[in-house]
Amino acid sequence: MELVKEIIRSEKLGKSFYLRDPLTVARDLLGKIFVKKEKNNILLGRIVEVEAYDGAIDESAHSYIGKTKRNAVMFEEGGLLYVYFTYGVHFCANVVTGKKDEGTAVLLRAFEPLNNFELLAQRRFGKKDITLKEKINLTNGPGKICQAFGISREENGESLLGDKIYILDSVEVPENKIVQTTRIGIKKSTELPWRFYISDNPYVSRK
């Protein structure tokens with residue numbers, strides 16, 4: 001009931017939220033509620049871990065090499081979803097930030113799932129009844145998010161200002177609950193402290 005009340009009170013993040021630099025957007029995305037509307041379901045996940053990427057100075061960013069067919073969405077104006085396929089295994093979803101042609105985005109690394117647990121479990125584990133450990137593992141990684149929320153190439157370029165996928169404002173996470181550290185799972189620009197997560201949330205992928 002409290003979750004329903006919070007969502008009813010919440011407003012969709014507007015265009016101006018996404019037009020800022022990726023580090024600011026990344027930090028401010030923590031605690032916000034990601035929404036994906038499907039034909040018969042609405043999926044909700046609280047954003048608890050993110051990573052910023054900036055092709056101007058960041059060798060690990062897809063945009064560092066310049067605009068290509070694969071990363072073209074990343075060069076659009078902020079407020080879109082950039083989805084890519086990696087390692088031939090899974091999809092990853094990013095929030096495009098900044099102005100057109102800047103090539104900046106924020107990787108969605110972990111969600112706290114908020115509803116439709118059986119559907120998420122079926123997509124992730126092929127079963128509806130799961131253990132507490134499996135529940136923690138539903139969306140605590142970028143590939144896991146996309147698998148559980150059914151995000152694939154079809155969602156690449158989707159506007160976050162529309163009615164299919166969007167992000168709701170929420171209670172601001174206190175500064176003392178936000179951890180800023182280096183990113184994980186990359187081999188270049190590893191020294192940049194561009195990963196942010198909520199310190200006491202069990203759904204963070206790695207602390």
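Number of residues in region 148-201 that are touching a helix residue (DSSP H, G or I) at 6+ places or on another chain (Cβ under 6 Å), over 23 Å from K100 (Cα atoms) and not aromatic (F, W, Y) equals 3. Within region 86-132, the set of residues being β-branched (V, I, T) and in contact with a Ser or Thr (Cβ under 7 Å, 6 or more places away or on another chain) comprises T97, T104, V106.
Within region 5-19, at least one residue is farther than 23 Å from T182 by Cα, touching a strand residue (DSSP E or B) at 6+ places or on another chain (Cβ under 7 Å), of a type in the set (S, T, Y) and not in a strand (DSSP E or B).
Could you run through region 15-46 and say how many residues are in contact with a Pro (Cβ under 9 Å, 6 or more places away or on another chain) and more than 20 Å from F196 (Cβ to Cβ)? Please lay out each step first, then the result.
Within region 15-46, the first condition is being in contact with a Pro (Cβ under 9 Å, 6 or more places away or on another chain), and the residues that meet it are 43-46.
Subsequent filtering for residues that are more than 20 Å from F196 (Cβ to Cβ) retains 43-44.
Qualifying residue count for the region: 2.
For region 107-157, a tally of residues being farther than 22 Å from R206 by Cβ, part of a loop (DSSP other than H, G, I, E, B) and in contact with a strand residue (DSSP E or B) (Cβ under 8 Å, 6 or more places away or on another chain) returns 6. Being over 10 Å from the mean Cα position of the chain (by Cα) and farther than 18 Å from G14 by Cβ is the filter here; which residues of region 84-103 pass it? Scanning region 84-103 gives Y84, F85, T86, Y87, G88, V89, H90, F91, D101, E102, G103.
Residue count for region 177-207 under the criterion of being without any contact (Cβ under 8 Å) to a residue 40 or more places away in the chain, in contact with a Ser or Thr (Cβ under 8 Å, 6 or more places away or on another chain) and not in a loop (DSSP other than H, G, I, E, B): the result is 2.
Computed from the coordinates by the stated procedures, all read-outs in this text should not be read as laboratory data. Just so it is clear, the structure is predicted and the values come from calculations on it, not from any experiment. Note that we place each Cβ from the backbone using ideal geometry, even for glycine, and neighbour counts take in every protein chain shown.
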